[in-house]
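**Q** Would you mind keeping the following structure in view while I ask a few things?
The values are calculated or read from the model by the stated rules, or taken from the named source; none is laboratory data. Computed from a predicted model, the values in this text were never measured in an experiment. We place every Cβ from the backbone using ideal geometry, glycine too, and count neighbours over all the protein chains shown.
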Amino acid sequence: MPEITDNTPPELASATPSANAYISSFNTVSFRLSDRDGTIDDAFVMASIILKDSQNQPVAGNVSESSDLFTFTPSSALIDGFYTMSFTAKDNHGNQKDYNFSFTLDTSKPAIPTISGGLVKTGNLQQRPFENKSTSRTVTLQGERESGTSVWINNTSYVNSGIGNWTTSLSLNEGNNALEIFLKDNSGNKSDSVWVDIYVDSLAPSIISITPANDIYSSTVPATLKINFNETGSLINEVQSLKMIKTSTLAQV
């Protein structure tokens, strides 16, 4: 059989954590190598593995291998920070290549978000226990956040990860709306929540009936005029409601 020429070093097939990942928990670092035409020199690879912290200091730990899956287990728990795994992949034909990948460990939850605005009927939106009231189902909510966090409202992401102030538009239901607002960082850590309560009444009262009926002819002047309303939201404000009776000549009675 003709001899196969192998000039290709082993390839990095996968890594956990993945390159440039943000993670909130940590046990081990692992990676898998593959080699199409040769056999991976496991002992050489294991001896080359180094995990360094953000100060470029080696992290103590143990290395194991199974079916070309190499695993580094630190001797003690890692602190939050930036880490880089480096190693040299080599096969039985002497082909080799240096690899490295980095990740960030972040186990701390973000600071609680603050609510800074969004104008409704009762003024700027405020967090619980204040009861905000709106005459529109569409409300703009504004706030501040920790750098590198996304904004979540009722377990739905509304603002992507970023820095500085944030603004989002919400479509609310008629009646009571309870909004739970929290932040998530790039590692998935969740902040404590703030709550904003908004009562929405966007529907005007409607007339159910009028006594005497509209356009009726009568030989006597009715003693009273009765109007029945339907109001599904707030109570009717009689002080601010306009009540006026006019004659056929538009003179006010």
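**Q** Find the strands (runs of 3 or more DSSP E) located wholly in the stretch 65-167 whose residues include 2 or more that are among the polar types (S, T, N, Q), surrounded by 13 or more Cβ atoms within 10 Å (Cβ to Cβ) and under 24 Å from the mean Cα position of the chain (by Cα), and list them. Let's see the steps before the verdict.
**A** On the way: elements: 69-74, 81-90, 96-105, 114-117, 131-134, 138-144, 149-153, 156-162.
Once the strands (runs of 3 or more DSSP E) in the stretch 65-167 are filtered for at least 2 residues that are among the polar types (S, T, N, Q), surrounded by 13 or more Cβ atoms within 10 Å (Cβ to Cβ) and under 24 Å from the mean Cα position of the chain (by Cα), what remains is 114-117, 138-144, 149-153.
Residues are listed down the side, and each one gets a yes or a no for (1) out of contact with any Lys or Arg (no Cβ under 7 Å at 6 or more places or on another chain); (2) at pLDDT below 95:
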{"site": "76", "(1), (2)": "yes, no"}
{"site": "81", "(1), (2)": "yes, no"}
{"site": "85", "(1), (2)": "yes, no"}
{"site": "89", "(1), (2)": "no, no"}
{"site": "93", "(1), (2)": "yes, yes"}
{"site": "99", "(1), (2)": "yes, no"}
{"site": "103", "(1), (2)": "yes, no"}
{"site": "107", "(1), (2)": "yes, no"}
{"site": "117", "(1), (2)": "yes, yes"}
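**Q** Please determine whether any residue of the stretch 118-130 is small (Gly, Ala, Ser) and not assigned by TED's automatic domain parsing to the domain that holds residue 163.
**A** Start the filter on the stretch 118-130 by keeping residues that are small (Gly, Ala, Ser), which leaves 118, 123.
Next, only the ones that are not assigned by TED's automatic domain parsing to the domain that holds residue 163 stay: none.
Checked against the condition, which is being small (Gly, Ala, Ser) and not assigned by TED's automatic domain parsing to the domain that holds residue 163, the stretch 118-130 yields no hits at all.
**Q** Return the only residue of 18, 30 being in the same structural domain as residue 75 (by TED's automatic domain parsing), at pLDDT 95 or above, assigned to a strand (DSSP E or B) and not aromatic (Phe, Trp, Tyr).
**A** Working: 18 fails: assigned to a strand (DSSP E or B).
Residue meeting the stated conditions: 30.
**Q** Could you tell me how many of the residues in the stretch 168-185 are over 20 Å from residue 22 (Cα atoms), of a type in the set (A, V, I, L, M, F, W, C) and surrounded by 13 or more Cβ atoms within 10 Å (Cβ to Cβ)?
**A** Qualifying residue count, the stretch 168-185: 4.
**Q** May I pose another question? Only one of these is in contact with a Pro (Cβ under 8 Å, 6 or more places away or on another chain) and either not polar (S, T, N, Q) or not assigned by TED's automatic domain parsing to the domain that holds residue 146 (or both): 6, 42, 37, 91. Name it.
**A** On the way: 6 fails: in contact with a Pro (Cβ under 8 Å, 6 or more places away or on another chain); 42 fails: in contact with a Pro (Cβ under 8 Å, 6 or more places away or on another chain); 37 fails: in contact with a Pro (Cβ under 8 Å, 6 or more places away or on another chain).
Criteria check complete, one pass: 91.
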